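Below is one structure; the comments refer to it alone.
The values are calculated or read from the model by the stated rules, or taken from the named source; none is laboratory data. Every value quoted in this text rests on a predicted model; they were computed, and no experiment measured them. Quick reminder, even Gly has a Cβ in these numbers, built from the backbone with ideal geometry, and neighbours come from all protein chains shown. Only protein heavy atoms, including side chains, enter the accessible area calculation; ligands, DNA and RNA are left aside. Shrake-Rupley method; radii C 1.70, N 1.55, O 1.52, S 1.80 Å.
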Amino acid sequence: MTAPREFTGGPRHIAIIMDGNGRWATQRRRPRLFGHHAGARRVREVVEACPELGVKYLTIFAFSTENWKRTQVEVAGLMSLFRRYIMKEMQAFVKENVRVRFIGDRPRLDAKLRGLMDEAEALTAHCTGTNLTIALNYGGRDEVARATQRLAQDVAAGRLDPADVNEETLPRYLDTHVLPDPDLVIRTSGEARISNFLLWQSAYAEYEFVDTLWPDFSKDELRRLVEAYGGRERRFGAVPV
Ligand code: FPP
């Protein structure tokens with residue numbers, strides 16, 4: 001007799017690589033920043049959909065450590081969009097009980113933006129609904145390197161025994177230390193790459209690569225992906241019994 005298939009239910013933590021803003025704008029003969037602004041509006045829709053889909057953690061890739069290589073106009077436009085977005089959405093997040101966090105290397109971001117990030121985190125610290133994590137100047141390898149530096153400092157100071165460095169202790173140094181690992185990683189725009197996003201954390205995640213450009217991504221498409229995930233079996237390397 002075969003053992004009953006184990007259904008895991010929906011994903012508790014979804015991570016999204018929001019790709020395709022530039023192409024979406026180019027298709028409309030508009031500047032790339034027009035696409036980023038349209039993309040920001042989709043973030044709102046997706047955050048709002050989380051409670052009804054049973055998604056407790058949502059992590060979105062807003063700006064990577066590699067994105068500095070874009071033109072100065074695009075980088076400045078994105079930074080200004082992030083500042084305005086945080087200012088505009090902060091009160092709405094509190095009202096909707098959304099707890100906001102940021103991951104990534106902050107010192108390279110401008111002081112005004114960093115101040116707003118701190119403010120948003122403090123203002124929503126008591127919120128118990130959706131946990132929204134925004135990756136800003138984030139790179140998975142950079143995160144592991146920064147974590148290793150802090151870990152090495154603890155070893156050098158005698159606070160950590162090298163024999164205790166393992167799969168349990170190392171993630172405590174990652175930016176994501178308070179978050180569970182993502183269950184489902186979604187990338188839009190038809191590219192099948194993970195582009196340095198949550199490298200350590202996604203070791204056992206399911207992946208979905210969809211053709212939709214991010215500004216066209218909808219609540220309905222998210223629902224479909226959540227339902228598809230609910231029908232899968234996750235074994236974490238084990239053999240089903
Ligand atoms: C990738 O599209 C998208 C980005 C580098 C920026 C993501 C930012 C947003 C969705 C804006 C809003 C976010 C927040 C949190 C306010 P791309 O420019 O690489 O598109 P392309 O591959 O078509 O050129």
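What about Thr128, is it within 15 Å of the ligand (Cβ to nearest atom) and either over 16 Å from Asp175 (Cβ atoms) or crowded, with 16+ Cβ neighbours inside 10 Å (or both)?
Values: within 15 Å of the ligand (Cβ to nearest atom): no; either over 16 Å from Asp175 (Cβ atoms) or crowded, with 16+ Cβ neighbours inside 10 Å (or both): yes.
Criteria not met by Thr128.
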Which of the numbered conditions does Val210 fail, given that it passes all the others? Conditions: (1) open to solvent by 30 Å² or more (accessible area, probe 1.4 Å); (2) free of Cβ contacts under 8 Å to residues at least 40 places away in the same chain. (1)
Filter segment 169-180 down to residues that are assigned to a helix (DSSP H, G or I) and not hydrophobic (A, V, I, L, M, F, W, C) and give me whichever is farthest from Pro11 (Cα to Cα). Tyr173
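Restricting the search to segment 121-152, which residues are touching a residue at least 40 places away in the same chain (Cβ under 8 Å), out of contact with any Pro (no Cβ under 7 Å at 6 or more places or on another chain) and among the polar types (S, T, N, Q)? Reasoning before the result, please.
The initial filter retains those residues of segment 121-152 that are touching a residue at least 40 places away in the same chain (Cβ under 8 Å), namely 129-144, 146.
Then keep just the ones that are out of contact with any Pro (no Cβ under 7 Å at 6 or more places or on another chain); that gives 131-144, 146.
Answer for segment 121-152, where residues must be touching a residue at least 40 places away in the same chain (Cβ under 8 Å), out of contact with any Pro (no Cβ under 7 Å at 6 or more places or on another chain) and among the polar types (S, T, N, Q): Asn131, Thr133, Asn137.
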Regarding Phe82, is this residue of a type in the set (Phe, Trp, Tyr), near the ligand (Cβ under 7 Å from one of its atoms), out of contact with any His (no Cβ under 9 Å at 6 or more places or on another chain) and modelled with pLDDT of 95 or more? yes
Within segment 153-168, can one find any residue that is part of a loop (DSSP other than H, G, I, E, B) and touching a residue at least 12 places away in the same chain (Cβ under 8 Å)? yes
Among the residues of segment 89-107, is any within 18 Å of the chain's Cα centre (by Cα), near the ligand (Cβ under 8 Å from one of its atoms) and closer than 23 Å to Val185 by Cβ? no
When the residues of segment 183-199 are filtered to those that are touching a Ser or Thr at 6+ places or on another chain (Cβ under 9 Å), open to solvent by 10 Å² or more (accessible area, probe 1.4 Å) and within 15 Å of Ile14 (Cα to Cα), which remaining residue is nearest to the ligand (Cβ to nearest atom)? Arg187
Residue check: is Arg84 within 21 Å of Arg193 (Cβ to Cβ) and of a type in the set (D, E, K, R)? no
Name the residues in segment 83-119 that are under 21 Å from His36 (Cα atoms), hydrophobic (A, V, I, L, M, F, W, C) and part of a helix (DSSP H, G or I), would you? Ile86, Met87, Met90, Ala92, Phe93, Leu113, Leu116, Met117
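Looking at segment 132-146, which of the residues that are in a helix (DSSP H, G or I) and of a type in the set (Gly, Ala, Ser) is farthest from Leu198 (Cα to Cα)? Working first, answer last.
Just the residues of segment 132-146 that are in a helix (DSSP H, G or I), to begin with: 140-146.
Imposing the further condition that a residue be of a type in the set (Gly, Ala, Ser) reduces the set to 140, 145.
Working: Gly140: 5, Ala145: 13 Å.
It comes out as Ala145.
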Please determine, by comparing only the residues of segment 17-68 that are within 8 Å of the ligand (Cβ to nearest atom) and of a type in the set (S, T, N, Q), which one is surrounded by the most Cβ atoms within 10 Å (Cβ to Cβ). Asn21
Which numbered condition trips up Lys112, out of (1) within 15 Å of the ligand (Cβ to nearest atom); (2) touching a helix residue (DSSP H, G or I) at 6+ places or on another chain (Cβ under 8 Å)? (1)
